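What follows is one structure encoded as structure tokens, with my remarks underneath.
What follows is calculated from the coordinates using simple rules that are stated; it is not laboratory data. Quick caveat, the model's predicted, so the values are computed rather than measured. Neighbour counts are summed over all protein chains in view; Cβ atoms, including those assigned to glycine, are modelled from backbone coordinates with ideal geometry.
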Amino acid sequence: MSIRPLVIIPDSKLRLVSEPITDISSEIRRLADDMLETMYDAPGVGLAAIQIGVPVRMVTMDVSKSDDERQPMVLINPEITWASEEKRVYEEGCLSIPEYYEEVERPDRVRFRFMNLQGETIEQDADGLLATCVQHEIDHLNGVLFIDYLSKLKRDRVMTKFKKAAKREAGA
Ligand SMILES: [Zn+2]
């Protein structure tokens, strides 16, 4: 297992639509391990493969609060199959947009379907942090970021800040 570098905005890779996984190969298993390790190291509650530069439809999550009882989830080809009409506002952050947090409104509860590393199809209901997290991560697979839900003014402000930082780094 290894910790991989995170892809940060404004990197255009984050706008790619990731490809479905057709075969749970040893390469995919290794990628899942690396994603979990990278996510725990960050630390974060969710990570999509594209956030370490691999455009495949896989997500890792762990919304358990404690370090002693890790509950790692690996979601292959996840999709939302139902979303509640009721919405909920939650303050979100993203490992690809470090140290930036904003309130985002999303469906309060969702049902989602995915394949696990054993190749089993699972359908699960989610509310609370898990519901927010799974919607945020599936968005990544479609090239969508949580800042897309903010006003243009806020989005432009955060993009400008990270573009400047990227330029500074390139010039250094
Ligand atoms: Zn994110």
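Only residues that are in contact (Cβ under 8 Å) with a residue 24 or more places away in the chain and within 15 Å of the chain's Cα centre (by Cα): list them for region 66-89, please.
Correct list: PRO72, VAL74, LEU75, ILE76, ASN77, PRO78, GLU79, ILE80.
Which pairs turn up if I take residues in region 33-62 that are farther than 19 Å from ILE8 by Cβ and look for partners that are within 15 Å of the ligand (Cβ to nearest atom) and assigned to a helix (DSSP H, G or I) with beta carbon separation below 6 Å, at least 6 apart in sequence or on another chain?
From region 33-62, the pairs are VAL56/ALA49; ARG57/LEU141; MET58/ALA49; MET61/CYS133.
Has region 34-51 got at least one residue that is small (Gly, Ala, Ser), farther than 29 Å from VAL158 by Cα and surrounded by 15 or more Cβ atoms within 10 Å (Cβ to Cβ)?
Taking region 34-51 as the starting set, the residues that turn out to be small (Gly, Ala, Ser) are 42, 44, 46, 48-49.
Cutting the leftovers down to farther than 29 Å from VAL158 by Cα gives us none.
Looking for residues that are small (Gly, Ala, Ser), farther than 29 Å from VAL158 by Cα and surrounded by 15 or more Cβ atoms within 10 Å (Cβ to Cβ), one finds none in region 34-51, hence no.
Mind telling me which of the residues LEU130, LEU141 ends up being surrounded by 18 or more Cβ atoms within 10 Å (Cβ to Cβ), closer than 24 Å to PRO43 by Cβ and under 10 Å from the mean Cα position of the chain (by Cα)? Can you show your working first?
On the way: LEU130 fails: under 10 Å from the mean Cα position of the chain (by Cα).
That would be LEU141, the only listed residue that is surrounded by 18 or more Cβ atoms within 10 Å (Cβ to Cβ), closer than 24 Å to PRO43 by Cβ and under 10 Å from the mean Cα position of the chain (by Cα).
Inspect all residues belonging to region 94-108 and state whether any of them is surrounded by 18 or more Cβ atoms within 10 Å (Cβ to Cβ), farther than 23 Å from LEU14 by Cα and among the aliphatic types (A, V, I, L, M).
no
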